[in-house]
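Enquirer: Handing you a structure now.
Since every read-out is calculated from the coordinates, none of them should be taken as a lab result. Since we're looking at a predicted model, the values are computed, not measured. All Cβ positions, glycine included, derive from the backbone under ideal geometry; neighbour counts span all protein chains shown.
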Amino acid sequence: MELRRPSRRLVIAAVAAITVATAAVAWTWPWLQGRHHPPLAARSEAERALNTAVTGDGVLPAEIALVRLQMERSITEDRRQGAAFPWRRDFRAAASSYRLTAANAASVLAAAGRRVAEARQAAEVAVASSSALVGDTDRLASGIKFPQHERARLKRAVALAEEARIALKEGDFESAVKAATRATQEAQAARLGGVRVVERFANREQVAIWRRWQDETIAATRGGGSAVIVNKERKEVALYRNGVRARTYQADFGKNSLVDKRVAGDGATPEGRYRVTSKRGRGQTTYYKALMLDYPNAEDRRKFAQDKKAGRIARNARIGHLIEIHGDGGRDENWTQGCVALANPDMDDLFNRVSVGTPVTIIGGDGTGDYSVLWRAHAASQQGAR
């Protein structure tokens, strides 16, 4: 049987159908791929990321500005595509830009987090270091009477250290570091100035003089006599008989005991070789009992005149007097106007063992006490720092 050839109309219809189908696919393909759909999810994610970064701790304004700029570019591209003819819209670039905005915001937030952690750690280290130094210097000052200027510095250091601790607690790490740094500087300056006061206790020439005084005084007792050695650095009074230490008493000194006495009212305990000039019992002196000393002696007067002539002391300054070893001590602090104070039981014991004319040698130290050790440690640390 002979097949009939398709009619012309049928062929035309088939071609038309194929053409329409192809056009339909071409028209809908971008929608099928999502190119024509506004990137709402990407935009929403970018907005959330940006808002989180804006409120994030430690994020810099410049970083936020860059993320905002990227967001503005994303929105501009989004709007440009939205304004195009439907079949020409392509939101892929806008979606990609939104995703980049979100990624940049997350990166900025992460970087800020690292900076905050580093700032917190730096602040904690600075505050801990300054607190330790200030505390150590404060303890040092309780044993050494710092000069007035150094005491003022230490007071500022204590206040700054507290300010730094408060700032750290409140999360203001920058202020904490600044306050801690200033506290450290003030404490170091106070410490240096305060420690300089005890330099003389480690000075070889000065220590040699004190040791000579001590040795000569003790040697003079070997023929059967007695003598008293007062050591300011060790805060002790020692009684020697026949060249041997017989008694040791703890003592309080002048409130400015780290220096040698120069003028009346300076609160310093004098250093030199003296003798007991009189013994005063109860009711004869202000502080229980007293051994009066021959201060100022000829050597003290010579130094006083020399210092006044050289301008080291005021022209109207007066030399001190009425230095004694007396009772009512045992307070474990230097409080007198320059005298040596013993606890009353110790004063009774010493009072009964010495007589008028007994030598009393007062030395700053012998180079082995706490002040000497402190200065040598300080000098070694300064040498190591160089």
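Enquirer: Please rank Trp87, Trp210, Trp375, Trp335, fewest neighbouring Cβ atoms within 10 Å first, as an exposure proxy.
Expert: Trp87, Trp335, Trp375, Trp210
Enquirer: Still on this model: In nanometres, what is the gap between the two model label sites at Lys169 and Ala152, each 7 Å from Cα along Cα-to-Cβ?
Expert: A separation of 2.9 nm, rounded to one decimal place.
Enquirer: Work the Kirkwood hydrodynamic radius out for segment 220-354: mean of 1/r over every pair of different alpha-carbon atoms, inverted, in Å.
Expert: 15.4 Å is the Kirkwood radius here.
Enquirer: Can I ask one more? Using just the helices of the chain, give the 222 nm mean residue ellipticity in deg cm²/dmol: DSSP H runs with n ≥ 4 each add -39,500 (n - 2.57), and the total is spread over all residues, rounded to 500. Write out the running numbers ahead of the final one.
Expert: Working: 10 runs with 216 residues, N = 386.
Calculated from helices alone, the mean residue ellipticity at 222 nm is -19500 deg cm²/dmol.
Enquirer: Right, something else. Work out the charge dipole of the chain with +1 on the Cβ of Lys and Arg and -1 on the Cβ of Asp and Glu about the Cα centre, then indicate which of Leu10, Asn316, Asn352 is farthest towards its positive end.
Expert: The residue sitting farthest along the positive end of the dipole is Leu10.
Enquirer: Kindly express, to the nearest 10 degrees and within the range 0 to 90, the angle between helix 8-33's C-alpha long axis and the longest C-alpha principal axis of the chain.
Expert: Between helix and principal axis, roughly 10 degrees.
Enquirer: To the nearest 10 degrees, how steeply does helix 148-169 sit against the main Cα axis of the chain, on a 0 to 90 scale?
Expert: 30 degrees
Enquirer: Relative to the present Cα-Cα distance, how much length would full extension add between Ser44 and Arg196 at 0.36 nm per residue of separation?
Expert: 47.9 nm
Enquirer: Sticking with this structure for a sec: Note down the nm distance, to one decimal, between modelled labels 7 Å out along Cα→Cβ at Arg35 and at Val125.
Expert: The answer from the label model is 5.6 nm.
Enquirer: Sorted by packing (mean other beta-carbon atoms within 10 Å per residue), highest first, where do 121-127, 153-159 land?
Expert: Details: 121-127: 17.4, 153-159: 19.7.
Sorting 121-127, 153-159 by mean packing, highest first, produces 153-159, 121-127.
Enquirer: Considering only Ile363, Ile18, Ile166, give the residue with the highest GNM mean-square fluctuation for the chain, with springs between Cα atoms whenever their separation is below 10 Å.
Expert: Highest fluctuation among the options: Ile18.
Enquirer: Next question. Which angle between 0 and 90 degrees, to the nearest 10, do you get for helix 92-143 versus the longest principal axis of the chain when only C-alpha atoms count?
Expert: That works out to roughly 10 degrees.
Enquirer: Then there's this: Would you please state which residues of segment 346-377 a label at Thr248 would reach in this model, taking the label point 7 Å out along Cα→Cβ and a backbone N cut-off of under 14 Å?
Expert: So the set is 366, 368-370.
Enquirer: Another question, if that's okay. Straight-line reach from Lys261: which lysines fall under 23 Å, measuring Cα to Cα and dropping same-chain residues less than 8 apart?
Expert: Excluding near neighbours in sequence, the set is Lys145, Lys232, Lys235, Lys279, Lys289, Lys303, Lys308, Lys309.
Enquirer: Output the direction-averaged projected area (hull surface divided by four) of the convex hull of the alpha-carbon atoms of segment 1-197, in nm². Before the final figure, lay out the partial values.
Expert: On the way: hull surface 75.9 nm².
So the Cα hull casts an average projection of 19.0 nm².
Enquirer: Neighbour counts of other C-beta atoms within 10 Å: give me Val116, Val228 arranged from fewest to most.
Expert: Details: Val116 16, Val228 26.
So the ranking, lowest neighbour count to highest, is Val116, Val228.
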